[in-house]
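The values are calculated or read from the model by the stated rules, or taken from the named source; none is laboratory data. Given the structure is predicted, the values throughout are model-derived calculations rather than measurements. As a convention, Cβ positions derive from the backbone with ideal geometry for all residues, glycine included, and neighbour counts pool all protein chains shown. These area figures cover heavy atoms from the full protein model, side chains too; ligands, DNA and RNA do not enter into them. Shrake-Rupley method; radii C 1.70, N 1.55, O 1.52, S 1.80 Å.
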Amino acid sequence: MPPPVFRFAPSPNGYLHLGHAYSALLNHDLARRAGGRLLLRIEDIDTTRCRLEFETAIVQDLAWLGLEWETPVRRQSEHLDVYRDAIEKLAAQGLVYPSFESRAEIAGLVAQREADGAWPRDPDGAPLYPGTAKLLSPGERGRLIETGAPYALRLDMAAAHARAGDLNWTEQGQGPDGETGAVTAQPQVWGDVILARKETPTSYHLSVVIDDALQGVTEVVRGQDLFWSTSVHRLLQKLLDLREPAYRHHRLVRDAAGAKLSKSTNATGLRELRAQGATPADIRRLVGLP
Ligand code: GLU
């Protein structure tokens with residue numbers, strides 16, 4: 001049996017905090033215990049928010065924590081062609097359509113629907129896209145693209161779900177409501193998710209499943225906030241014929257007031273804690289690892 005492959009996949013849009021430290025150390029400990037491999041992947045597709053300065057800091061902080069990972073490190077921004085190919089495969093199955101509305105226009109469309117009654121929201125609390133652009137004719141789509149209008153490429157969720165059939169995944173950790181074991185994927189609760197944008201030919205969902213497969217990742221260990229995203233990941237794996245890893249979603253580290261950590265709270269930033277004299281052993285203790 002080849003050794004299991006783990007990965008820690010931060011986005012360099014800020015400095016690491018205790019929540020990242022917990023996730024990274026947990027991946028490291030599980031890989032060690034299983035005689036497995038540990039990869040670091042830099043998820044830097046959002047060029048408006050990701051910065052090289054944060055990437056450098058992330059690498060320094062992880063090394064300070066005592067982590068070792070394989071090189072070369074995969075940086076998603078260097079593989080946009082791979083993601084573009086995957087979009088084409090999905091488009092060839094008739095599962096992708098462009099939508100041209102701005103965020104404000106979508107908010108307006110949702111408000112109209114909400115005025116008529118409840119409108120569904122996704123597990124992150126965002127209202128589902130109302131599907132208006134799905135009704136455009138091929139001619140109208142072509143004309144809008146020719147005008148140079150910005151667009152997002154969306155997955156036609158109903159068609160994708162029908163094609164893939166019912167799916168589940170193996171959860172070795174726990175979901176927010178204690179879900180574990182064989183979990184039924186519910187990708188439809190996300191609606192017609194964005195797979196790519198005109199200027200960025202990928203999205204979190206798409207690049208994460210492609211990279212996990214390309215890098216031979218067998219164990220995805222990440223925060224519970226991504227638990228229900230796994231539904232979309234399973235769907236894309238099925239549609240793109242990619243191997244399915246096992247999943248372990250872990251508890252989230254909270255601050256003293258019980259709130260989820262964000263990149264802007266200095267009190268729990270690794271750099272700040274280090275500057276105040278904390279050692280890597282202190283960090284392990286703070287996040288509740290032996
Ligand atoms: N890049 C994601 C984040 O920083 C994590 C992706 C994953 O582990 O699937 O939240």
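What the table shows:
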quantity	calculated
Subset tally (residues that are surrounded by 15 or more Cβ atoms within 10 Å (Cβ to Cβ) and of a type outside the set (Lys, Arg)) for segment 65-79	6
Condition check for Asp177: closer than 18 Å to Val232 by Cα and among the acidic types (Asp, Glu)	no
Selection from segment 1-13 of residues that are of a type in the set (A, V, I, L, M, F, W, C), assigned to a loop (DSSP other than H, G, I, E, B) and touching a residue at least 12 places away in the same chain (Cβ under 8 Å)	Ala9
Selection from segment 252-277 of residues that are at pLDDT 90 or above, farther than 14 Å from Tyr22 by Cβ and in a loop (DSSP other than H, G, I, E, B)	Gln276, Gly277
Criterion (in contact (Cβ under 8 Å) with a residue 60 or more places away in the chain and over 30 Å from Ala185 (Cα atoms)) met by exactly one of Leu65, Leu144	Leu65
Residue, surrounded by the fewest Cβ atoms within 10 Å (Cβ to Cβ), within segment 10-56, restricted to residues that are among the small types (Gly, Ala, Ser) and within 11 Å of the ligand (Cβ to nearest atom)	Gly14
Residue within segment 205-212 that is open to solvent by 10 Å² or more (accessible area, probe 1.4 Å) and either out of contact with any Leu (no Cβ under 8 Å at 6 or more places or on another chain) or without any contact (Cβ under 8 Å) to a residue 40 or more places away in the chain (or both) present	yes
Tally of residues being touching an Asp or Glu at 6+ places or on another chain (Cβ under 8 Å) and more than 13 Å from Ser229 (Cα to Cα) across segment 173-191	4
Which listed residue is of a type in the set (Val, Ile, Thr) and more than 28 Å from Pro150 (Cβ to Cβ), from Thr56, Thr47	Thr56
Inter-residue pairs, beta-carbon under 9 Å, first farther than 17 Å from Met1 by Cα and in segment 23-43, second away from the ligand (no atom under 15 Å from the Cβ) and hydroxyl-bearing (Ser, Thr, Tyr), 6+ apart	Leu40/Thr71
When residues of segment 224-239 are limited to those that are within 12 Å of the ligand (Cβ to nearest atom) and open to solvent by 10 Å² or more (accessible area, probe 1.4 Å), the one farthest from His205 (Cα to Cα)	Gln224
Options Leu195, Leu144; residue that is in a strand (DSSP E or B) and surrounded by 15 or more Cβ atoms within 10 Å (Cβ to Cβ)	Leu195
